[in-house]
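Since every read-out is calculated from the coordinates, none of them should be taken as a lab result. All figures in this text were calculated on a predicted structure; none of them were measured in a lab. Here the Cβ is made from the backbone with ideal geometry for all residues, glycine too, and neighbour counts use every protein chain on show.
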Amino acid sequence: MTFSTSSSFSRILSPALILLTLLALTSACGLAQSTEPRGSIEITHGPVLQLPGLNEITVTWHTSRNAVSEVRYGEGETLDKRAVASTLGLIPNESTCQAVRLTGLTPGKTIRYQLVSKAFRGYKTPYVPIFGQTVESEIFSYTHLDPAKENFSFVMWNDIHDDCERLEAMFQDVDWDTIDFVVLNGDIVNDFISDKQFFDAFYDACARQFGSSIPMVFVRGNHETRGPWARRFFEYIPGVDGRSYYAFTHGNVYFLALDSGEDKVDDHREYAGLVDFVHFRDEQTKWLLEELKSDACKNARFRVVITHQPSATSAEDWFGSQEVRRLWRDAINEKGAHLWLSGHTHRFSWCKPGEDGDNHFHLMTNPTDGTVRVDVSPDTMQVTVIRKGGEIIHEETISP
Ligand SMILES: [Fe+2]
């Protein structure tokens, strides 16, 4: 094939080929995101506070474009501190999931904080990054957890399985002014297929109801380990120091949140050879045995364990629960746990001390439509399980 003249070649080239050439050059410069509106950015979801620890908490939110983010915060009138996320010294710029850990918080003190995200459009050269607009949120406030607080309350839900309407209906059964934190104990997302699912299942509802001022403690269930986005779960629910299991103390109560993983054996056909929970639970067991020696655990008036799958109480229970029992139950029992909160079975059950061999702790499984409310005072933990709509299923008073 030959081209007849240079002028006809030009006509063939323009305008389509010129446009394609420009697009290719733009992409080569790392500016693939610079579609309309150019450089703009919005906060699309959140904030939701997560993972409270002594002096620390993680602020999460989401943006319409990849961004470089920070949180400005302070305990007084001015936002005189600044925190960013960083991994191995690098501040992330390639995600719309923003998660910044605030440190240096004073127990019981109220902070004011503001989210700041600057759109990141790519690199013109390795030394010339291209930023877009910056968005700043309103100023929020949050009172940090306090190990010395005498009286407090928290609530727990589990097994929502994407049914946000049910979750929001149960929000109506709560007197929110009295709640210090919220536990979401697994299977909230029913197989993680997309980020829209994550937001629709619970995150946006939590942000609307309590997320900016009341921390969320999310404990992974077996359905959050499934689906194409399961491996991105920690962009949305960041762990503590890279772990999905952790401990914290509030009001002289030591909380141990453990990740019970999948409910069947690793080589089950459902998992297609893509899981390794045997090693994961073994790693966690090593961490747990050290954690149980901590002063925080030893000195607490009450000890509460949170796992999605309960410790098995019958030979008929599934593999995951049998593993929870085999690996963790005796060590926890020996340390004098008082209450073990679980879900997974979709049925209410309550096992009192002595009803499962030598158990010292109360073990409960909460149904899919139950709100667990725990009111803690120096002398008792009062547990109330409320069916959606307000009917009380169970009440229990636990002493130290
Ligand atoms: Fe489950």
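Overview of values
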item: The range 260-321-the range 134-163 distance, computed between alpha-carbon centres (Å); result: 25 Å
item: Among Q197, Q309, Q50: highest mean-square fluctuation, GNM of the chain, C-alpha pairs under 10 Å; result: Q197
item: Per DSSP, loop GluC sites (Glu not before Pro) in the range 274-313 with at most 11 further Cβ within 10 Å; result: none
item: Paramagnetic reach from I392 (point 7 Å along Cα→Cβ, amide N under 16 Å) across the range 155-198; result: 173-175
item: Within the range 134-211, GluC sites (Glu not before Pro) in DSSP loop having at most 15 other beta-carbon neighbours inside 10 Å; result: E150
item: Number of Lys pairs (Cα under 18 Å; 8 or more positions apart or on different chains) in the range 152-398; result: 5
item: Formal net charge of residues neighbouring N93 (Cβ-Cβ distance under 13 Å; K, R +1; D, E -1); result: +1
item: Loop-located trypsin sites (Lys or Arg not before Pro) in the range 34-96, at most 15 other Cβ atoms within 10 Å (DSSP); result: R38
item: Under 21 Å from K81, Cα to Cα: lysines that are on another chain or at least 8 residues apart; result: K109, K118
item: For peptides 225-234, 323-332, 122-131, 246-255, sequence by mean Cβ density within 10 Å, most packed first; result: 246-255, 323-332, 225-234, 122-131
item: Residue of I306, I91, I188 that the Gaussian network model of the chain assigns the largest fluctuation, springs spanning Cα pairs under 10 Å; result: I91
item: Global form of the range 43-143, assessed from the alpha-carbon gyration tensor, a/c cut-off 1.5; result: prolate
item: Gyration tensor verdict on the range 331-400 (Cα atoms; rounded if a/c is under 1.5, prolate if a/b is larger than b/c, oblate otherwise); result: oblate
item: Prolate/oblate/rounded call for the chain, Cα gyration tensor, a/c under 1.5 rounded; result: prolate
item: Residues of the range 251-281 with amide N under 11 Å of the 7 Å Cα→Cβ point at W287; result: 257-260, 280-281
item: 3J(HN,Hα) from dihedral phi, the range 229-245, Karplus parametrisation 6.51/-1.76/1.60, rounded to Hz, x for glycine, proline; result: 9, 4, 6, 9, 3, 7, 6, 9, 10, x, x, 9, 6, x, 10, 8, 10
item: Most mobile listed residue (L292, L363, L184) in the chain, GNM with C-alpha springs under 10 Å; result: L292
item: Alpha-carbon centroid distance for the pair the range 212-232 / the range 366-400, whole angstrom; result: 24 Å
